[in-house]
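The values are calculated or read from the model by the stated rules, or taken from the named source; none is laboratory data. Keep in mind that this is a model prediction, so the values were computed, not measured. Neighbour counts are summed over all protein chains in view; Cβ atoms, including those assigned to glycine, are modelled from backbone coordinates with ideal geometry. These area figures cover heavy atoms from the full protein model, side chains too; ligands, DNA and RNA do not enter into them. Shrake-Rupley method; radii C 1.70, N 1.55, O 1.52, S 1.80 Å.
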Amino acid sequence: HRDTGAWTQPIILQPEIGILGILVKVFDGVVHCLMQAKMEPGNINLLQLSPTVQATRSNYTRVHQGNPVPYLEHFVAPRAGRTVIDALQSEQGSWFLDKRNRNIIVEAAGDVAVREDFCWLSLGQIAELLKVPNLVNMDSRTVLSGMPFFLQGNFVDRVASPESGSRHSVEQLLSWFTEVKSHYRLERRLVPLAEVRDWVRSADRVEHEEGRYFTVIGVDVSASNREVSQWSQPMFEPVGRGLIGFLGRNIDGVFHILVHARTEAGTHDVVEMAPTLSCIPNSYRGLGAERKPRYLDFFDAASPSKILVDVVHSEEGGRFYHAENRYLVVDAGEDFDLDVPDDYCWMTMDQLSGFVLYGNHVNVAARCLLSCMVDARVPLVAA
């Protein structure tokens with residue numbers, strides 16, 4: 001169900017499962033997260049707010065003889081704290097093959113010493129910082145997409161009925177998702193980089209022959225605050241800023257978002273729940289209207305009064321160089337047709353965030369966009 005049924009591309013093969021972990025504590029009745037100011041070679045502004053632990057398996061098992069990862073003991077067994085959220089989540093399926101990381105939030109037991117480059121921030125402070133471009137990194141946003149589980153500044157169980165006023169029950173949504181998975185087919189075959197069609201390999205890069213999608217470049221890195229102080233690596237550099245967006249509308253007085261069951265080259269299990277739109281618009285310049293991503297025109301034409309969320313954030317700076325996306329939520333209005341193509345479905349924010357608990361259901365773009373919507377939850381619900 002892609003605009004192109006078959007293609008070849010470079011892709012990152014990194015099968016190990018890393019840890020993206022946030023340590024939390026309640027101070028004076030308010031939940032705080034221990035965040036880290038972390039340098040990544042691909043960051044557009046060098047330092048961004050990252051989770052307490054953001055480490056590949058090679059990092060935290062010290063394969064490269066690097067320094068120990070601070071606070072790792074809170075996220076590996078046996079640990080003393082209380083696990084709030086723990087799920088294997090996918091990374092960008094368009095650039096990674098079957099890549100997953102463990103997203104985990106742990107409530108700390110006892111006092112926690114705050115090391116250099118770390119700081120406790122309240123959920124309210126983080127919600128405000130998520131409005132600042134390129135400040136809260138992608139790994140933080142994907143873990144924080146579990147934020148709807150924090151209510152009134154305390155840990156509580158999910159409300160008994162997250163489906164109040166929703167168009168579809170959770171059972172119906174799972175049936176829709178399973179139907180799409182069973183209907184579509186995804187076949188991948190690894191080929192040598194030299195045999196990738198439509199891509200040109202030169203002395204310093206691999207790029208698409210028409211200048212679309214992304215370029216593979218090499219970087220040499222020196223860093224003072226990393227487990228390893230110097231290394232070289234390839235990185236993916238996109239051809240322009242991406243656009244990730246939900247279209248939404250009120251249905252019987254309850255705000256719903258339009259979710260897309262989307263396939264990428266590296267998707268672990270055929271499809272995942274994705275935003276209404278995920279694309280790099282520059283990749284489609286000069287192509288016919290039939291090649292344009294569905295609903296792109298709705299976002300292009302959205303009036304400012306209908307834009308509920310609009311912020312630019314970076315993608316993961318450890319593998320992607322200066323990769324930015326504009327995150328948008330647009331109220332399409334109650335004239336927008338409720339009948340949508342088979343691979344789209346209306347659901348509430350609570351319903352989508354509920355699926356975040358389960359690995360390989362909600363893709364990284366949707367999780368990151370959900371985290372940007374966290375303090376917009378009340379205004380988005382009709383009175």
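Within the set HIS268, HIS260, HIS256, the sole residue that is closer than 30 Å to ASN59 by Cα and in contact (Cβ under 8 Å) with a residue 24 or more places away in the chain turns out to be HIS268.
Filtering the range 234-244 for residues that are modelled with pLDDT of 90 or more and open to solvent by 70 Å² or more (accessible area, probe 1.4 Å) leaves a non-empty set. Within the range 86-103, being assigned to a strand (DSSP E or B) and surrounded by fewer than 18 Cβ atoms within 10 Å (Cβ to Cβ) holds for ASP86, LEU88. Number of residues in the range 8-59 that are surrounded by 15 or more Cβ atoms within 10 Å (Cβ to Cβ), under 19 Å from the mean Cα position of the chain (by Cα) and charged (D, E, K, R) equals 2. Can you spot a residue in the range 143-161 that is modelled with pLDDT of 95 or more and either among the small types (Gly, Ala, Ser) or assigned to a loop (DSSP other than H, G, I, E, B) (or both)? No; the residues of the range 143-161 include none that is modelled with pLDDT of 95 or more and either among the small types (Gly, Ala, Ser) or assigned to a loop (DSSP other than H, G, I, E, B) (or both). Of the residues examined, ALA302 is one that is aliphatic (A, V, I, L, M), in the same structural domain as ASP339 (by the TED database), assigned to a loop (DSSP other than H, G, I, E, B) and touching a strand residue (DSSP E or B) at 6+ places or on another chain (Cβ under 7 Å). Being outside any strand (DSSP E or B) and touching a residue at least 24 places away in the same chain (Cβ under 8 Å) is a description that does not apply to THR215. Among the residues of the range 241-267, the ones that are within 18 Å of the chain's Cα centre (by Cα) and not in a strand (DSSP E or B) come to 6 in all. A Cβ distance below 6 Å, combined with a sequence gap of six or more or placement on separate chains, defines the contacts here; from the range 115-140, residues that are assigned by the TED database to the domain that holds THR56 reach residues that are of a type in the set (Asp, Glu) and open to solvent by 60 Å² or more (accessible area, probe 1.4 Å) in the pairs ALA127/ASP375.
Considering the range 104-133 alone, what residues qualify as being surrounded by fewer than 17 Cβ atoms within 10 Å (Cβ to Cβ), in a loop (DSSP other than H, G, I, E, B) and under 21 Å from the mean Cα position of the chain (by Cα)? Within the range 104-133, LYS131, VAL132, PRO133 qualify. Name the residue that is nearest to TRP95 (Cα to Cα), counting only residues in the range 320-344 that are open to solvent by less than 10 Å² (accessible area, probe 1.4 Å) and not hydroxyl-bearing (Ser, Thr, Tyr). Across the range 320-344, the extreme among qualifying residues is PHE320. Within the range 63-71, not a single residue is open to solvent by less than 60 Å² (accessible area, probe 1.4 Å) and closer than 30 Å to ALA194 by Cα. Of all residues in the range 346-361, one or more are of a type outside the set (Lys, Arg) and part of a strand (DSSP E or B). Restricting SER232, SER314 to those that are touching a Gly at 6+ places or on another chain (Cβ under 9 Å), hydroxyl-bearing (Ser, Thr, Tyr) and either at positive phi or in the same structural domain as TYR184 (by the TED database) (or both) reduces the list to SER314. If I go through the range 179-210 residue by residue, how many of them are under 22 Å from GLY5 (Cβ atoms) and surrounded by 12 or more Cβ atoms within 10 Å (Cβ to Cβ)? Going through the range 179-210 one residue at a time, the tally reaches 11. Could you say whether any residue in the range 288-297 is of a type outside the set (A, V, I, L, M, F, W, C), under 30 Å from LEU47 (Cα atoms) and modelled with pLDDT of 95 or more? No - not one qualifying residue is present in the range 288-297. What about GLY317, is it in contact (Cβ under 8 Å) with a residue 40 or more places away in the chain, open to solvent by less than 20 Å² (accessible area, probe 1.4 Å), over 29 Å from GLN125 (Cβ atoms) and not hydroxyl-bearing (Ser, Thr, Tyr)? It is false that GLY317 is in contact (Cβ under 8 Å) with a residue 40 or more places away in the chain, open to solvent by less than 20 Å² (accessible area, probe 1.4 Å), over 29 Å from GLN125 (Cβ atoms) and not hydroxyl-bearing (Ser, Thr, Tyr). Across the range 270-292, which residue is least open to solvent (accessible area, probe 1.4 Å) among those that are more than 21 Å from MET347 (Cα to Cα) and within 20 Å of the chain's Cα centre (by Cα)? My answer is CYS279.
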